[in-house]
Amino acid sequence: MTTSVRTLSWTSFQTVLNIITLKGSSIACCCYFRVSVSMSKYKTSGNKASNYSGKSEERVGRSCVRYKCGLLNTIQDVLRQRPNWVEVKDDGEWDFNWCDVGWLRENFDYTYMEEHVRINHFRNHYELTRKNLMVKNLKREYHLFVEEFNRSPGSIWIMKPVAKSQGKGIFLFRKLKDIIDWKKESYRSEEQKDAAHVENYVAQRYIENPYLISGRKFDLRVYVLVTSYIPLKAWLYRDGFARFSSTRFCLSSIDDKYMHLTNVSVQKTAPEYDPEKGCKWQMQQLRRYLTAKHGREVVETLFKEMDNIFIRSLQSVQKIIINDKHCFELYGYDILLDQNLKPWLIEVNASPSHTPSSQEDYGMKYRLLEDTLNVVDMEGRLTGKENRVGGYDLMWNNGPVYREDVGLQTFGSSCFAANTYLGCVNDREKQLHHLFKPLPFQKKV
């Protein structure tokens, strides 16, 4: 499964198993199967709230925004410090809701939303972010996984639970016997005995040749904001970070989670973890490092290939996501680089963690969330024609948005030259100062 399927359309995505290459950019895809036999029943009742489908109307800015927030992390700080935003409790009427996916699942279908209201998830956001749904139409089960496994004897695979995060339940294996033993052990555990739902897992071919810095593996967290699926409108944030493992990489030990899993929730429990230094590099630092080592042209190609991954993945679910003008989605993309500087899409997160691991991390996430609110624009300060808002650059607006210094001659290239500046200077405060005019209800300073 190291072969690449080049120039593959996303329609064909549903018919190809495991590693898929899209115009030079790869997605570490997977087999997906169930490992338990019980099934819980979810009751649904009531009618879905009707969605407005008429022509778009000019939005009216609000002098006071009533918000509701179900999370206790950086987003709370951002909302509380935003001028003229007022928090409402319990069942109070709200204009803006930053909710968790649990609230969305239980309340979205029964909530009437007026024209101006905004909420931070699309109804079926999980179509892109649930690991198994990325290959749901394949309908491949365990026997096909075994067939694929036997084609690559000696390879390493990684098992991930579909509905868990923060590195929970992940392990590596080389032999099918490892899965059988693990499954038997799971049945014996009290947690599995009490489970009332199917535990779905995906099995991915492990990338055995990751790019290493100081002998350590890392992956990238990149933020993409989607404000519409029909037409597709997507923004890429300039900041992000690389998450490093605390143990030097080798394949002789596949049971060391501190070596193979880069999740911060895992790494902060490592004996060598230093809470002051953390385990992250800011995206700008990583880009400078790669440029110094490989040259600007190579790094530009790498980041263009990542742009391609973001857009093609969004296009793959564009016709499936229930588009709603009240909704937006902030995705956290996890990208792994191999030793050839080839980017691989590991997974997409609909609820990327906003809990900081350091003061520097807090500052980055605070700016990210603040600029997310600037793009959503509850105050009505934008014209809708902006290609940049703070640290966000508009990369797709019903078609590619090109950089000002790139001509149309690049249109036929394998990766379009998008209006993206991931890892570049983020002079957001200066840009916002020029972008926003003082609101009518704000005092002049």
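The values are calculated or read from the model by the stated rules, or taken from the named source; none is laboratory data. Values in this document were obtained by computation on a predicted structure and should not be read as measured data. We place every Cβ from the backbone using ideal geometry, glycine too, and count neighbours over all the protein chains shown. The accessibility values were calculated without ligands, DNA or RNA, using every heavy atom of the protein model including side chains. Shrake-Rupley method; radii C 1.70, N 1.55, O 1.52, S 1.80 Å.
Give me the one-decimal nm value for the distance between modelled label points at D77 and E404, 7 Å along each residue's Cα-to-Cβ direction.
Going by the 7 Å Cα→Cβ label model, 3.3 nm.
Using θ = phi - 60° and the Karplus form 6.51 cos²θ - 1.76 cosθ + 1.60, what ³J(HN,Hα) does each residue of the stretch 93-104 get, whole Hz, x for Gly and Pro?
Result, ordered by residue: 5, 10, 9, 9, 9, 9, 10, 8, 5, x, 4, 4 Hz.
For C279, enumerate residues with amide H under 5 Å from its amide H, sequence gap 5+ or separate chain, H modeled in the peptide plane.
HN-HN under 5 Å from C279: empty list.
Which length gain, in nm to one decimal place, applies between E360 and L251 when the Cα-Cα distance is subtracted from 0.36 nm times their residue separation?
36.0 nm
Hey, how many Å between the Cα centroid of the stretch 69-108 and the Cα centroid of the stretch 300-376?
21
Full extension from L212 to C424: what is 0.36 nm times the residue separation minus their Cα-Cα distance, to one decimal in nm?
74.2 nm
What list of ³J(HN,Hα) couplings, whole Hz, do you get for the stretch 329-336 from phi and the Karplus terms 6.51, -1.76, 1.60, once you set θ to phi - 60° and write x for glycine and proline?
9, 9, 9, x, 8, 9, 10, 10
Once the piece of chain linking F171 and D274 is laid out straight, how much longer is it, given 0.36 nm per residue of separation minus the C-alpha distance between them?
34.7 nm
How would you rank 371-381, 288-298, highest first, on the average number of other Cβ atoms within 10 Å across their residues?
371-381, 288-298
Could you sort S245, S357 by accessible area so the largest value comes first, with the probe set to 1.4 Å?
S357, S245
Would you mind working out the accessible area per residue for the stretch 268-370, using a 1.4 Å probe, and quoting it in Å²? Write down the numbers at each step before the final one.
On the way: 4450 Å² over 103 residues.
Using a 1.4 Å probe on heavy atoms only, each residue of the stretch 268-370 averages 43 Å².
Take the cross-link list K233/K365; K217/K319; K89/K168; K177/K304; K385/K430; K342/K365 and give me the ones stretching past 30 Å between alpha-carbons.
Check vs 30 Å cut-off fails for K217/K319; K89/K168; K177/K304.
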